[in-house]
Amino acid sequence: MRDKTILPLLLVILYPAFSIAPGCGEGPQAEAPPPPEVTIDSPVVQNVTRYHEYTGNTVAINQVDIVARVPGALVRQNYELLGDDNRVKRVEVDEVLFEIEHEPYEIAVASAKAEVSRSKALEAAARSVYESEKKSFERGASSELDLTTAEADFKQRTAERLASEAKLAQAELELSYTYVKSPIAGEVSRNLVDVGTYVGGGGPTVLTRVTQMQPIYVYFDVSEKIVLDYINRAAERGQQVADNPPSLELATSSDPKGTYSHKGIVDWWNRSVDTGTGTIDVRGRLDNREQLLVPGMFVRVRVPFEEIEDAVLVREDAIGTDLAGKYVLIVVKNEEGVSVVKRQPIELLIQADNGMRVVGGLSPDAQYITAGMQKVRPGMPVDAQQAAPPKPTEPAANPETQPEEEAEPASKADGEDA
């Protein structure tokens with residue numbers, strides 16, 4: 001009885017809800033979201049130099065150990081480590097750097113001179129006797145034996161005089177060695193032996209080192225293929241590589257990436273290939289006027305190979321990668337005139353400065369997405385905004401080694417140029 005009473009009551013309560021539901025779809029429909037906003041830019045078109053890059057080591061053009069060549073006590077050091085400008089002291093050729101006690105060698109020179117004087121006197125006496133015997137023999141007043149004896153004595157005295165002169169020259173040479181001089185001009189290192197030390201007793205003692213730092217060399221290894229490329233390119237111009245040696249640029253560990261502040265030329269390469277590595281030893285020369293480079297530095301070297309005209313450059317952070325390869329997203333107009341996204345395959349060529357990459361397969365007139373590419377996909381309509389023009393910069397683009405050559409071996413230098 002109670003169930004029969006409740007059913008009509010539920011129908012009365014639910015009827016308004018069913019009557020309202022159909023009317024829900026008659027209100028205003030939800031609007032579609034606006035297309036995502038992206039930033040677009042045009043590729044940069046300019047001439048670009050293609051480089052080969054290596055690693056190498058700087059080497060002094062001339063470096064000499066200053067040694068004590070005669071034994072004795074070191075009595076004087078004639079240079080200060082720093083000059084008046086608080087830089088490493090520069091010395092000139094034949095400048096006296098150290099002095100070893102002179103007295104024993106001066107005595108030896110005096111003794112040798114006395115021996116020379118004695119031998120000269122004996123030689124003169126023997127000559128007089130020989131000439132006298134010669135005249136007597138011609139008159140028949142003396143025998144041939146007397147003449148031969150006088151001649152032999154004269155020659156012996158002459159030999160003794162020559163030997164004594166040689167001993168004098170040796171004594172004077174050893175005396176000169178007590179004044180330890182620099183054989184080259186350059187920057188002198190700290191003294192390795194203090195004044196008062198006995199030097200040269202067991203052989204030559206290294207006292208210091210003089211280094212010629214201007215100019216300076218850099219050595220690096222280059223694959224034989226790259227060397228042949230340079231030789232063949234020169235032959236096409238009717239030249240040899242030596243007629244127009246390639247320039248080079250060098251960067252130290254303190255230089256920002258992509259910055260090469262030191263300039264020079266390639267002035268020599270080995271005429272044989274290392275069969276173990278397939279590389280050729282190459283040398284560059286730099287003026288190093290400011291002496292910012294010192295021997296033994298680990299450096300980066302790059303050598304120009306060719307000029308690429310009207311190269312197309314895009315920002316490297318705008319390049320995407322998927323299973324099909326490298327691409328950029330460009331914005332084009334569809335048939336309705338709406339800006340939509342298109343995937344454009346590209347070929348990576350060479351690295352350039354300032355985060356740019358030279359690419360192939362992209363029209364210079366294309367508009368590629370530089371910001372917002374994570375929000376879109378090919379075929380999607382977008383609100384494309386032109387990128388702000390960049391601030392004026394130096395136009396030089398500096399490509400690196402091609403990808404297949406980046407793994408070249410590096411000992412003195414990782415290279416590909418000659």
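Laboratory data are not the source of any read-out in this text; all were calculated from the coordinates shown. Everything numeric here is computed off the predicted structure, so don't read it as measured data. Please note: Cβ atoms are built from the backbone with ideal geometry, for glycine as well, and neighbour counts cover all protein chains shown.
A crude spin-label estimate for the pair residue 272 and residue 254, with each label 7 Å from Cα along the Cβ direction, gives 3.9 nm.
For residue 37, the residues whose amide H sits under 5 Å from its own are 383, ignoring neighbours fewer than 5 places away on the same chain, with H placed 1.01 Å from N. One quarter of the surface of the convex hull around the alpha-carbon atoms of the range 30-128 equals 21.5 nm², the direction-averaged projected area. With a simple spin-label model that places each label point 7 Å from the Cα along the Cα-to-Cβ direction, the separation between residue 347 and residue 65 comes to 5.6 nm.
Full extension of the chain segment joining residue 377 with residue 179 gains 63.1 nm, where the gain is 0.36 nm per residue of separation less the Cα-Cα distance. The packing ranking, built from the mean of other Cβ atoms within 10 Å per residue, places the peptides 322-335, 165-178 in the order 165-178, 322-335, highest first.
Among rounded, prolate and oblate, which fits the range 133-244 when a ≥ b ≥ c are the square roots of the eigenvalues of its C-alpha gyration tensor, a/c under 1.5 means rounded, and a/b larger than b/c means prolate? Oblate. In order along the range 69-77, the Karplus-derived 3J(HN,Hα) couplings, from 6.51 cos²θ - 1.76 cosθ + 1.60 at θ = phi - 60°, round to 9, 10, x, x, 7, 6, 10, 7, 10 Hz, and Gly and Pro are given as x. Remark: the range 190-310 projects, on average over all directions, an area of 12.5 nm² (convex hull of Cα atoms).
Look at the Cα gyration tensor of the range 210-273: its axes a ≥ b ≥ c give a/c of at least 1.5 with a/b over b/c, and that counts as prolate.
When each of the peptides 58-69, 306-317, 233-244 is scored by the mean number of other C-beta atoms lying within 10 Å of its residues, the order from highest to lowest reads 58-69, 306-317, 233-244.
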